[in-house]
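For reference, the structure discussed in these notes is given below.
The values are calculated or read from the model by the stated rules, or taken from the named source; none is laboratory data. Quick caveat: nothing in here was measured; it's all calculated off a predicted structure. Every residue, glycine as well, gets a Cβ built from its backbone with ideal geometry; the counts of neighbours run over all protein chains shown. Only protein heavy atoms, including side chains, enter the accessible area calculation; ligands, DNA and RNA are left aside. Shrake-Rupley method; radii C 1.70, N 1.55, O 1.52, S 1.80 Å.
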Amino acid sequence: MKCFSIAKKKKNAELNRALTASSKSSLFSLSRNDVIFEDEWLIAVNKPQGIYCESILSSVQTLFSNFCFSGEDQVKLQELHLSNRLDRDTSGVTVITKSHKVAAKLVKAFTDHMVKKTYLAFCVGMVPNWVNMIIKSGHGRSKHGAWRVYACSDVGRSLPGGSVVRDMETLFEVLSVNGKASFQELSGSDKNGEKPIVVEEKSETTSFTEKAEVLVRAYPRSGRTHQIRLHCQYLGIPIRGDVKYEGVYEWKGRIYEGHELHAESLSFSHPVTGQSVLIKAPLPLWASQALQQLSS
């Protein structure tokens, strides 16, 4: 009965978040202070939590339309294109290209896994017995339509609706457990090597009597929908506030209005100049507090 009550709370929370995000997104506008990188061909902004990506794009269009451009500075608003999409409650680096030609080049770089990405995630779950972890799995929809982790051996298998299971790979690094640096907490783990996990079966439901706060940095090597959230769930460290994938909704007397996942950085070769580009987004409060706790 208690489990049913929690599940109902989480379902209602997800519905309320969607309604709130729709309202916030319709009123959302960017300022120049939100721009973290810009040149002739690209603009990158720091997307806040609880805003849909489509609103980021329309806000960039409004931002440009409020300025007068002429000659080479002219921006064709209809050619602005989102290069990467973040989930509604994920914050961080969002890149928009300013022309169709540049968009095609950058999309190809993402598709060919030539863009390096880092994310920060605050998780609540089991204490990991590893510091560095590579998890390889399949990715696709369940028979009910939800995204889920599949076994590596399922990659290429056809699913109902015409889709197929695709490969998915993420490198995780544990930064802290319960506020302490990972090397202090994980005495029995391999601190230097990367422990590989090749998924060959469905994970068990993550239920623990004692839960730990785990801060991780994720390096996705593919770009599947909800990839980091799914892999965190599989590893038994669901992201705090991620009610869709078994994350806690209430924690230490606080109710969370969204999951705590932040797109920290993107690095790639510039699609026009070929120069190396590194774009970093300012940290949200939860991330800066967690990292500050490590340095204190």
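Here are some notes:
- Among the residues listed as Val149, Val107, the single one being among the aliphatic types (A, V, I, L, M), touching a residue at least 24 places away in the same chain (Cβ under 8 Å) and in contact with a Ser or Thr (Cβ under 6 Å, 6 or more places away or on another chain): Val149
- Failed item, numbered, when Gly241 is tested on (1) touching a strand residue (DSSP E or B) at 6+ places or on another chain (Cβ under 6 Å); (2) modelled with pLDDT of 95 or more; (3) farther than 19 Å from Thr111 by Cβ; (4) assigned to a loop (DSSP other than H, G, I, E, B): (1)
- Pick from segment 42-77, criterion touching a His at 6+ places or on another chain (Cβ under 9 Å) and at pLDDT 95 or above, ranking: farthest from Leu266 (Cα to Cα): Gln49
- When the residues of segment 33-48 are filtered to those that are charged (D, E, K, R) and within 11 Å of Lys98 (Cα to Cα), the one that is least open to solvent (accessible area, probe 1.4 Å) is Asp39.
- Considering residues of segment 11-27 that are buried (at least 18 other Cβ atoms within 10 Å of the Cβ) and more than 18 Å from the chain's Cα centre (by Cα) only, the residue nearest to Arg85 (Cα to Cα): Ser25
- Residue list for segment 250-296, restricted to those being touching a helix residue (DSSP H, G or I) at 6+ places or on another chain (Cβ under 7 Å), over 17 Å from Leu215 (Cα atoms) and part of a loop (DSSP other than H, G, I, E, B): Glu257, Pro271, Val272
- Selection of segment 244-282 for residues being over 17 Å from Lys105 (Cα atoms), within 15 Å of the chain's Cα centre (by Cα) and aliphatic (A, V, I, L, M) yields Leu261, Ala263, Ala281.
- Taking each residue of segment 30-58 that is in a helix (DSSP H, G or I) and looking for partners that are among the aromatic types (Phe, Trp, Tyr) with beta-carbon atoms closer than 7 Å, six or more apart or interchain, yields Ser55/Phe28.
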